[in-house]
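Chemist: Okay, handing you the structure first.
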Amino acid sequence: MTNFTSKNEKLNQWVQEVSKMCTPDNIYWCNGTKEEYDKLMNLMVSTNSAIPLNKRKNSFLFRSTPSDVARVEDRTYISTEDQSEAGPTNNWLKPSELKATMKNLYNGCMKGRTMYVIPFSMGPIGSPLAKIGIEITDSPYVVCNMHIMTRVGTKVLEVLGKDGEFIPCLHSIGAPLEPGQKDVSWPCAPMEKKYISHFPAENLIWSYGSGYGGNALLGKKCLALRIASVMAKREGWMAEHMLILRLTSPEGRQYHIAAAFPSACGKTNLAMMQPTIPGWKCECVGDDISWMKVKSDGRLYAINPEAGFFGVAPGTSYNSNPMAMDSLKENCIFTNCALTDDGDIWWEGMDGAPPKHAIDWKGNDWSPDKKDVAAHANARFTAPAAQCPVICKDWENPEGVPIDIFVFGGRRASVVPLVHQAYNWDHGVFLGATAASETTAANIGSIGNLRRDPFAMKPFCGYNMGDYFQHWIDMGDRLGDKAPKIFYVNWFRKTESGRWLWPGFGDNSRALKWMCDRVDGKAGALETPIGFLPRISDINLEGLSISNDDILELLKVDSSLWKLEVQDIEAHFAQFGNRFPDRLKKQLEQLKSRLG
Ligand code: GTP
Ligand code: SPV
Ligand code: MN
């Protein structure tokens, strides 16, 4: 039974094929309306998978199965005919083999369930930078999240028309229901049956077995990064794991900054940061993904392809990120947060004292004396971007905003200073290519291990990372003197006893202001082996209580530690073989000679 068909034959055919394979009980085409959202939420409340929150209007809490709490990089594939197209940083299987395995899993996988067809746009509908995706899913939780995270609706089908292009995104939680079988509150498949697969040659996404985040909301990492990065390389634009913000100086000069940090390393927080330097203003354009194109004036323009935030909950508070907190008052979905006795959510690091009693993310009684956390470390909120009090008025401008500054970074307890600037574009690409960070709970795997995560794209680049480095070099050549200036930051330095050296959050504006001043030729810097570094006098520290020793430590370049870093970078670069750009080899040689 189906409620609709589109005017697009190719789409109708695909929907039919999928329904033959997955054998759902019903097919439902989503229209993106509030009525539809409410109906699905009510359905999920009635089956006990959604918990309405007394304290937040139209907001709901979900608890996932403990095995399905984050992206699964080990189960994520870039499937190309030749393994060299996927490159050394991606899991690879031949399309014929992976498709055969997955078809077996998809066979009858939607039995007892409804198959939802979600037409969505990444980017403002009709923007020259936007792309249309169609997600087929058997999860109403995914439908509601997609309503917030993307632009869903019949308008998308109108733009698609009879023969427009779309990116097919097939998703199943992989949990068919036999007649009479009772459903669980978070159905999914066991780990060994989860597959998050990408077929870049066909712009095709197949996801099976997980209902969580980037595994299931296929517009996000799968489409807007893995598939889009391949399209961007092909078509000469950029799809990056970057926040976008607008910083306005007291004089009214606007700077647009795009920053790439790995998962759970501070993008959402920086994107809506409240500057502690008087007179400076920050507005959020996007918090996770940036699509960028060179326009006729020769500059690079960025849009946020998403419509919502899927943000890390723990650590979010009025103290650290007030603008995120104010975005969460209503119309939100919370996943794996704790539930308080008065019907609100709670997580570690929220303002005030912990509740005396709560229900933890696993559904068990919790009190502060328990050694387990109440909210999962990768608990998330899904919130409409429009609800952010500092959302930039141009956040939906189909033309995008012109980027002045690129920032790379990661979570490093040691070695890497608070902020430094690349000597030139190639050196900036080198900084991106060598970015490293301690792993976080955003992926299922070990936490706190240092790994190279070039451009924060290791889990998200849909093709050979060596070719991706070359694409960055090519973009720089095209942009010439209109190219953004490139910087590298580390908010996460710690003392040996584990204390943060830098206050972070709103005080990160101090590093951003130095960058803006550098762009305008107004701030000084020291030439060091790793790049330009601010001297204490170059950076505004007014009103900040930080010891001289701490700031000296934050701005130090320890050559002996950097020589060890170079050895690791050499090993990292070696894996790309003949796909590795010569100009980055040259950068490595220059760094070595500067280190002496
Ligand atoms: P994804 O959504 O996974 O891509 O993460 P993200 O890059 O948006 O990270 P987010 O801003 O959500 O921050 C992740 C965690 O780092 C949160 O617990 C934050 O509180 C913490 N964090 C963010 N910025 C800072 C900072 O400047 N200093 C410190 N110490 N912690 C920070
Ligand atoms: C990330 O892990 O970088 C995220 C969360 O933004 S997810 O959507 O799960 O990928
Ligand atoms: Mn992210």
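The values are calculated or read from the model by the stated rules, or taken from the named source; none is laboratory data. Keep in mind that what you see is a predicted model, and the values were worked out from it rather than measured. Counting neighbours? That spans all protein chains shown, and the Cβs are built from the backbone with ideal geometry, glycine included. The area values use the complete protein model at the heavy-atom level, side chains included, leaving out ligands, DNA and RNA. Shrake-Rupley method; radii C 1.70, N 1.55, O 1.52, S 1.80 Å.
Chemist: I'd like to check something: does the stretch 255-272 contain any residue that is over 16 Å from MET515 (Cα atoms), surrounded by 24 or more Cβ atoms within 10 Å (Cβ to Cβ) and away from ligand 3 (no atom under 14 Å from the Cβ)?
Modeler: Yes, that holds for at least one residue.
Chemist: Inspect all residues belonging to the stretch 554-568 and state whether any of them is acidic (Asp, Glu), in a helix (DSSP H, G or I) and without any contact (Cβ under 8 Å) to a residue 60 or more places away in the chain. Can you show your working first?
Modeler: So the first thing to find is which residues in the stretch 554-568 are acidic (Asp, Glu), and the list is 558, 565, 568.
Going one step further and asking which of them are in a helix (DSSP H, G or I), we end up with 565, 568.
Filter once more, keeping what is without any contact (Cβ under 8 Å) to a residue 60 or more places away in the chain: none.
So far as the stretch 554-568 goes, no, none of its residues is acidic (Asp, Glu), in a helix (DSSP H, G or I) and without any contact (Cβ under 8 Å) to a residue 60 or more places away in the chain.
Chemist: Could you identify the single residue in MET102, MET110 that is in the same structural domain as TYR208 (by TED's automatic domain parsing), in a helix (DSSP H, G or I), within 20 Å of SER197 (Cβ to Cβ) and in contact with a strand residue (DSSP E or B) (Cβ under 7 Å, 6 or more places away or on another chain)? Don't jump to the end; show me each part of the working.
Modeler: On the way: MET110 fails: in a helix (DSSP H, G or I).
Exactly one of MET102, MET110 is in the same structural domain as TYR208 (by TED's automatic domain parsing), in a helix (DSSP H, G or I), within 20 Å of SER197 (Cβ to Cβ) and in contact with a strand residue (DSSP E or B) (Cβ under 7 Å, 6 or more places away or on another chain), namely MET102.
Chemist: Same structure, new question: Taking the stated definitions as given, is PRO368 out of contact with any Ser or Thr (no Cβ under 7 Å at 6 or more places or on another chain), without any contact (Cβ under 8 Å) to a residue 40 or more places away in the chain and away from ligand 3 (no atom under 16 Å from the Cβ)?
Modeler: So PRO368 fits the description; yes.
Chemist: Here is a further query. Please determine, by comparing only the residues of the stretch 288-314 that are open to solvent by 30 Å² or more (accessible area, probe 1.4 Å) and in contact with a Phe, Trp or Tyr (Cβ under 8 Å, 6 or more places away or on another chain), which one is nearest to ligand 1 (Cβ to nearest atom).
Modeler: PRO314
Chemist: Now for a different question. Out of the residues in the stretch 437-465 that are under 21 Å from VAL557 (Cβ atoms) and more than 15 Å from ligand 1 (Cβ to nearest atom), state the one that is surrounded by the fewest Cβ atoms within 10 Å (Cβ to Cβ).
Modeler: Keep residues of the stretch 437-465 that are under 21 Å from VAL557 (Cβ atoms), which gives 437-438, 450, 452.
Now narrow it down to the ones that are more than 15 Å from ligand 1 (Cβ to nearest atom): 450, 452.
On the way: LEU450: 16, ARG452: 19.
Residue satisfying both the conditions and the ranking: LEU450.
Chemist: For MET273, indicate whether it is outside the structural domain of CYS109 (by TED's automatic domain parsing) and either of a type outside the set (Asp, Glu) or part of a strand (DSSP E or B) (or both). Write out each step before concluding.
Modeler: Numbers: outside the structural domain of CYS109 (by TED's automatic domain parsing): yes; either of a type outside the set (Asp, Glu) or part of a strand (DSSP E or B) (or both): yes.
Yes, satisfied.
Chemist: Here is a follow-up. So TRP206 clears everything in (1) in a helix (DSSP H, G or I); (2) open to solvent by 10 Å² or more (accessible area, probe 1.4 Å); (3) in contact with a helix residue (DSSP H, G or I) (Cβ under 8 Å, 6 or more places away or on another chain); (4) under 30 Å from THR114 (Cα atoms) except one condition, right? Which one?
Modeler: Going through the list (1) in a helix (DSSP H, G or I); (2) open to solvent by 10 Å² or more (accessible area, probe 1.4 Å); (3) in contact with a helix residue (DSSP H, G or I) (Cβ under 8 Å, 6 or more places away or on another chain); (4) under 30 Å from THR114 (Cα atoms), TRP206 breaks only (1).
Chemist: Within the stretch 1-57, which residues are open to solvent by 90 Å² or more (accessible area, probe 1.4 Å), within 22 Å of SER207 (Cβ to Cβ) and without any contact (Cβ under 8 Å) to a residue 60 or more places away in the chain?
Modeler: GLN13, GLN16, GLU17, LYS20
Chemist: Listed residues PHE492, PHE487; which is open to solvent by 20 Å² or more (accessible area, probe 1.4 Å) and either under 20 Å from LEU533 (Cα atoms) or outside any helix (DSSP H, G or I) (or both)?
Modeler: Working: PHE487 fails: open to solvent by 20 Å² or more (accessible area, probe 1.4 Å).
Only one candidate passes the filter, namely PHE492.
Chemist: Also: Can you tell me how many residues in the stretch 395-427 are in contact with a Lys or Arg (Cβ under 8 Å, 6 or more places away or on another chain), under 17 Å from TRP562 (Cα atoms) and outside any loop (DSSP other than H, G, I, E, B)? Walk me through how you get there before you give the answer.
Modeler: The initial filter retains those residues of the stretch 395-427 that are in contact with a Lys or Arg (Cβ under 8 Å, 6 or more places away or on another chain), namely 399-406, 412-414, 416-418, 421-422, 426.
With under 17 Å from TRP562 (Cα atoms) added as a condition, the list becomes 412-414, 416-418, 421-422.
Keeping just the survivors that are outside any loop (DSSP other than H, G, I, E, B) gives 421.
Summing the residues that are in contact with a Lys or Arg (Cβ under 8 Å, 6 or more places away or on another chain), under 17 Å from TRP562 (Cα atoms) and outside any loop (DSSP other than H, G, I, E, B) in the stretch 395-427 gives 1.
Chemist: Would you say VAL285 is hydrophobic (A, V, I, L, M, F, W, C), away from ligand 1 (no atom under 12 Å from the Cβ) and not assigned by TED's automatic domain parsing to the domain that holds LEU98?
Modeler: Values: hydrophobic (A, V, I, L, M, F, W, C): yes; away from ligand 1 (no atom under 12 Å from the Cβ): yes; not assigned by TED's automatic domain parsing to the domain that holds LEU98: yes.
When the stated conditions are applied, VAL285 passes them.
Chemist: Evaluate the following for ASP404: is it open to solvent by 30 Å² or more (accessible area, probe 1.4 Å), touching a residue at least 40 places away in the same chain (Cβ under 8 Å) and not aromatic (Phe, Trp, Tyr)?
Modeler: Numbers: open to solvent by 30 Å² or more (accessible area, probe 1.4 Å): no; touching a residue at least 40 places away in the same chain (Cβ under 8 Å): yes; not aromatic (Phe, Trp, Tyr): yes.
Spelling it out, it is not the case that ASP404 is open to solvent by 30 Å² or more (accessible area, probe 1.4 Å), touching a residue at least 40 places away in the same chain (Cβ under 8 Å) and not aromatic (Phe, Trp, Tyr).
Chemist: Output the strands (runs of 3 or more DSSP E) that fall wholly within the stretch 278-394 and possess 1 or more residues being under 26 Å from LEU129 (Cβ atoms), or say none.
Modeler: Filter on the stretch 278-394 gives 281-286, 290-294, 300-303, 308-312, 380-384.
Chemist: Further, regarding this structure: When you go through (1) under 20 Å from MET44 (Cβ atoms); (2) open to solvent by less than 10 Å² (accessible area, probe 1.4 Å); (3) more than 16 Å from ligand 2 (Cβ to nearest atom) one by one for SER185, which number turns out not to apply?
Modeler: (2)
Chemist: Restricting attention to the stretch 472-502, and to residues there that are closer than 24 Å to ASP453 by Cβ and basic (Lys, Arg), which single residue is farthest from the chain's Cα centre (by Cα)?
Modeler: Applying the filter and picking the extreme gives LYS494.
Chemist: Quick one: how many residues across the stretch 332-384 are more than 16 Å from VAL69 (Cα to Cα) and of a type in the set (A, V, I, L, M)?
Modeler: Number satisfying all stated conditions: 7.
Chemist: For residues in the stretch 408-436 being among the aliphatic types (A, V, I, L, M) and touching a Leu at 6+ places or on another chain (Cβ under 8 Å), which is nearest to ligand 1 (Cβ to nearest atom)? Please lay out each step first, then the result.
Modeler: Going through the stretch 408-436, the residues among the aliphatic types (A, V, I, L, M) turn out to be 413, 415-416, 418-419, 422, 429, 431, 433, 435-436.
Pick out the ones that are also touching a Leu at 6+ places or on another chain (Cβ under 8 Å) and you get 415, 418-419, 422, 429, 433, 436.
Values: VAL415: 17, LEU418: 10, VAL419: 12, ALA422: 21, VAL429: 21, ALA433: 19, ALA436: 15 Å.
Ranking the candidates gives LEU418 first.
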